[in-house]
Amino acid sequence: MKNSDKTRSPWFWVPSLYFAEGVPYIIVTTVSILIFKQLGMNNSDVARFTSFLMFPWAIKPLWTPIVDLYRSKKWWVVTMQLAMAAAFLLAVFAMPFTAATRSLLAIFSVLALLSATHDAAADGIYVVSLKPNLQAFFTGIRGTFYRIAMITAQGGVVLLAGLVQQHTSLRPLEFSLEIKNAAVQPVELANEFFIVSTAKCALGSSDAKHLDPMIADYNADPSAEKLARITAAAQNAPLAFITLRDTGNSDRRQLALVRTADSRDKDVSFVGAERLLFTRDTLDLPRLARITAVANGADGSMTSFRVDSGNFIVAWMVALGVLSGLYALLAVYHFFALPSDSGSASGVTDMGKFYREFAQAFVSFFTKRNVVVALIFILLFRFGESQLLKIGSTFMIDPVSKGGLGLSNSEYGAIYGVVGISCLVFGGIAGGWALSRQGLRFWMLPMALALNIPDIVYVLMAHYQPVDRFPVYLSVAVEQFGYGFGFSAYMMFMVWFASDSGKFATSHFAIMTGLQAIGLMVPGFYSGDIQENICGGDYFHFFVWVMIATLVSFAATAAAMRVIPKDYGKPQPNR
């Protein structure tokens, strides 16, 4: 180590290094859900693809020898940060194209691989460059700045995209639909940007659900021929025609029909106009929404709607561009701030020796006493929560007509990224304090309850779909605090299971972190299919299923409690 490195304080690089670890993980696994939803991906595909993107973090121990054997870990950190800056920049350029979804999937897959490699190198620098007493001291610092990164990614970045989208929106158009003489009354309104028209429809007319697939196909790829076929098939079916006039200000803009916050009357609703995409080539063609009304709707009842717009493409281009610049700056900073490491953190001098030792660690892990119980607990403790993590986000941003809450990016960033993660941190602190007082076994069941029972707030939100945002803030705060508190038992269990592993303790813990990622990835992978296909797209029934799935967590907890020593984690009396 160079002389300048000996006097360089870890405060110069530990906080920034672990901040750099956290941001891409949240962008790839969580914020990408919002991006893909706004690009039109359904819940099944969102859950499937964003779960698959977690795979590099699950298997990163398999290529960590490359980081140990080739170049310095500082070189790997700086290079990966520059590569992530380039990946974010590629995502910026991919957003405006019609193939943006496929391009972003490829870019985020590469970004996940880069981030996982960066994490391995960063952890290596931490171990090699700090003495054990400093490693212990800075453990809390690195965790704190990792959580600050989570707030930045899930709060600040999403909030930025929301603010840009608001500033690129056109003046909204509000209108109301009224039931009069057992029919939905027609509306014809316009401002300088939008035209809204609806046809009169008797409440007793035949159902028009058979038009929905045709309307969805037309809205996705409008053409005059498709419009003519729908018009011929519609006959007396109630349709709302929405047109965005050519303003010449944008090549791509998203239009949304939403129920206004002060409208609680659900006698009149709509299908298929929550997110409509207009490009310069198709501005002259209307987008369609099917207006529905309950057969026993009260005469004179009125429901208010609003046509919103916003350039979500530009919004995410700005947000991803800021991330690209941030990682370029981090790379330059760490080029000067990081200590120059030498040698291997694991003492490995060749690839073959590493994999022989890795094989020994792998075999010794799966032959440990109580390994079956450990596998059950690690893979299944978050069985219900892992499904909620994916679909909970889509529920927050899906429109009210689809059973969601219709949050904007700004609202989502404030609720999840600021309030939610802050409560997660406080819950984790409270959990650590509690474990240090009575030990792991005492708190296992209470922490399992804390992690799972608060999920019921999603059942309540899906049932009531609150217009006021305060219940949403409160619900997310309660659920995230419980998650942070309960997750403390999960982490402590892994520490306990690795504590008697001797020279393989670090390897065994790394194996468990990989299994932890798999425990999140697999249930999350299928959560979208459960919500869309088994629950029929209904969020309320899906969240009820999540509550049922928490029974698996309690069973895994009961199994783990049988093998944890009674006094593990308790403060030892002075002798």
If we keep only residues of region 75-108 that are more than 21 Å from Leu330 (Cα to Cα) and small (Gly, Ala, Ser), then the residue surrounded by the most Cβ atoms within 10 Å (Cβ to Cβ) is Ala100
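Table: residues versus (1) outside any helix (DSSP H, G or I); (2) at pLDDT 90 or above; (3) more than 25 Å from Tyr327 (Cα to Cα).
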| site | (1), (2), (3) |
| --- | --- |
| Asp5 | no, no, no |
| Trp11 | no, no, no |
| Ser16 | no, yes, no |
| Gly22 | no, yes, no |
| Ile26 | no, yes, no |
| Thr30 | no, yes, no |
| Lys37 | no, no, yes |
| Ser51 | no, yes, no |
Given the criterion in contact with a helix residue (DSSP H, G or I) (Cβ under 8 Å, 6 or more places away or on another chain) and over 23 Å from Pro15 (Cβ atoms), identify the matching residue among Ala86, Ala121, Ala116.
Ala86
Within region 361-418, work out how many residues are assigned to a helix (DSSP H, G or I) and of a type in the set (Asp, Glu).
2
Candidate set: region 437-452, residues that are in contact with a Gly (Cβ under 7 Å, 6 or more places away or on another chain) and either within 21 Å of Ser386 (Cβ to Cβ) or not aliphatic (A, V, I, L, M) (or both); chosen: the one surrounded by the fewest Cβ atoms within 10 Å (Cβ to Cβ):
Gly439
Among the small types (Gly, Ala, Ser), crowded, with 17+ Cβ neighbours inside 10 Å and closer than 26 Å to Gln154 by Cα - does that describe any residue in region 493-507?
no
Of the candidates Ala91, Ala20, Ala86, Ala47, the one satisfying the condition of being in the same structural domain as Val157 (by TED's automatic domain parsing), within 20 Å of Tyr416 (Cβ to Cβ) and of a type in the set (A, V, I, L, M, F, W, C) is Ala47
Verdict on Ala91 being under 20 Å from the mean Cα position of the chain (by Cα) and in a helix (DSSP H, G or I):
yes
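Let's see how each residue does on (1) at pLDDT 95 or above; (2) among the charged types (D, E, K, R); (3) not assigned by TED's automatic domain parsing to the domain that holds Leu62:
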{"site": "Thr513", "(1), (2), (3)": "no, no, yes"}
{"site": "Glu532", "(1), (2), (3)": "no, yes, yes"}
{"site": "Phe543", "(1), (2), (3)": "yes, no, yes"}
{"site": "Thr557", "(1), (2), (3)": "yes, no, yes"}
{"site": "Ala560", "(1), (2), (3)": "no, no, yes"}
{"site": "Pro565", "(1), (2), (3)": "no, no, yes"}
{"site": "Pro573", "(1), (2), (3)": "no, no, yes"}
If we keep just the residues of region 56-74 that are surrounded by fewer than 17 Cβ atoms within 10 Å (Cβ to Cβ), of a type outside the set (Val, Ile, Thr) and under 23 Å from Ala359 (Cα atoms), which is modelled with the lowest pLDDT?
Leu69
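The values are calculated or read from the model by the stated rules, or taken from the named source; none is laboratory data. Treat the numbers as computed from the prediction; the structure is a model and nothing was measured. Because the Cβ atoms are built from the backbone with ideal geometry, glycine has one as well, and the counts that use them run over all protein chains shown.
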